[in-house]
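Take a look at the structure below.
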Amino acid sequence: MSESPIEVVENAGIVRLTINRPKALNALNSEILTELESVLADLERRDDLRAVLITGDGEKAFVAGADIAEMRDKTPEQARAFARQALRTIKRLETLPVPVVALVNGFCLGGGCELALACDWAVASDNAIFGQPEVGLGVIPGFGGTQRLPRRVGPAMAIDLCITGRKIDAQEALRIGLVNRVMPQAELEAYAEELTKQLSGNGPEAVRSAKQAIHDGMDQDLDSALALETSLFALCFAGEEQSEGMSAFVEKRKPNF
Ligand code: HXC
């Protein structure tokens with residue numbers, strides 16, 4: 001493992017980011033956030049990007065939260081700047097034009113849970129533990145948890161988790177819709193490969209448009225969102241993917257995207 005706080009490994013346009021600070025359970029400090037933002041700024045510019053996976057180094061934690069030791073002596077203004085840095089970085093992850101998947105390999109607490117919430121979906125190892133324990137530290141979630149958590153799991157469950165600070169296991173996270181799948185930790189690697197294969201069979205522009213339609217449409221009323229879908233659907237017919245995809249079906253062969 002390199003010394004960089006964010007390890008970047010790539011296979012066929014699928015980029016895997018590993019937060020690399022296992023001794024502190026991958027707690028997010030300013031250095032990690034700065035490096036993550038710089039990596040994301042590079043990825044944003046790439047037309048050949050097909051998906052991004054994000055995980056934590058080691059077998060114990062995805063991310064155990066923002067760095068408590070670093071936060072301890074902050075003034076309100078410094079705390080605001082730290083939260084803004086994280087919010088900006090997490091937003092860049094969320095708005096990458098390709099699917100972003102969290103591979104949650106252990107503790108996923110506080111800022112870690114907030115990072116996972118900004119991903120399009122999350123897959124968890126069966127030993128993963130989730131929670132927003134900030135109130136136990138005398139603060140509230142500051143990396144978007146009070147806003148993205150209720151949008152993902154509903155306000156009642158979000159208030160339960162943010163007010164009690166209780167931790168939940170992977171099965172409960174699955175039940176409430178915080179994660180899409182749970183599997184043994186050893187299978188997370190195979191899942192990443194399965195996803196790589198699945199995506200390579202799909203039109204990359206279509207994948208980007210599907211994400212855009214869902215993300216942008218969620219912020220609009222239904223009629224406007226349906227009009228957005230129609231525009232993006234029609235736009236598919238202006239590129240080469242639609243012709244290749246449909247011709248391949250008619251000719252009983254695999255598409256070559
Ligand atoms: C800094 C952390 C850390 C964190 C763990 N470590 N979490 N350091 N910030 N969030 C460090 C520990 O200090 C310790 O370092 C090492 O990682 C291993 O952790 P242990 O506590 O010894 O492990 P264990 O006993 O197995 O307990 C695991 C744990 C616990 C339950 C996950 O570490 C824990 O409760 N961590 C804090 C979780 C949390 O409250 N997260 C929310 C943070 S606030 P040493 O050097 O002692 O070995 C937040 C707010 C976001 O995220 C918004 C801000 C604007």
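Read-outs throughout are calculated quantities, based only on the coordinates presented, and are distinct from any laboratory measurement. All of these numbers come straight from a predicted model, not from anything done at the bench. Neighbour counts are summed over all protein chains in view; Cβ atoms, including those assigned to glycine, are modelled from backbone coordinates with ideal geometry.
Three semi-axes describe the equivalent ellipsoid of region 1-138; taken as square roots of 5 times the Cα gyration tensor eigenvalues and ordered largest first, they are 23, 17, 13 Å.
Rounded to the nearest 10 degrees, the angle from helix 222-236 to the longest Cα principal axis of the chain is 50 degrees. Pairing the Cα long axis of helix 76-94 with the longest principal axis of the chain, what angle in degrees results, from 0 to 90 and rounded to the nearest 10? Once rounded, the angle reads 20 degrees.
Between Asp223 and Asn256, the contour length at 0.36 nm per residue exceeds the Cα-Cα span by 8.4 nm. To the nearest 0.05, what FRET efficiency results for Asp42 and Val135 with a Förster distance of 30 Å applied to their C-beta separation? E between Asp42 and Val135, to the nearest 0.05, is 0.25.
Charging the Cβ of each Asp and Glu at -1 and of each Lys and Arg at +1, and nothing else, the dipole of the chain about its Cα centre rounds to 440 debye. For region 138-257, the spread of Cα coordinates along the three principal axes comes to 60, 42, 21 Å, biggest extent given first.
Per the Kirkwood treatment, what hydrodynamic radius in Å, one decimal, follows for the chain from the mean inverse distance over all distinct Cα pairs?
19.2
The trypsin sites (Lys or Arg not before Pro) of region 202-257 meeting both criteria, a DSSP state outside H, G, I, E and B (loop) and at most 13 other C-beta atoms within 10 angstrom of the site's C-beta, are Lys252, Arg253. Against the main long axis of the alpha-carbon atoms of the chain, helix 188-200 sits at an angle near 30°. Along the charge dipole of the chain, which of Gly58, Leu33, Ala128 sits closest to the positive end, that is, farthest toward it, with unit charges on the beta carbon of Lys, Arg, Asp and Glu (+1, +1, -1, -1)? Highest projection toward the positive end goes to Ala128.
Working ranking of peptides 241-247, 119-125 by packing, defined as the average number of other Cβ atoms within 10 Å per residue, highest first, is 119-125, 241-247. Multiplying the residue separation of Ala238 and Asn202 by 0.36 nm and subtracting their alpha-carbon distance yields 11.3 nm.
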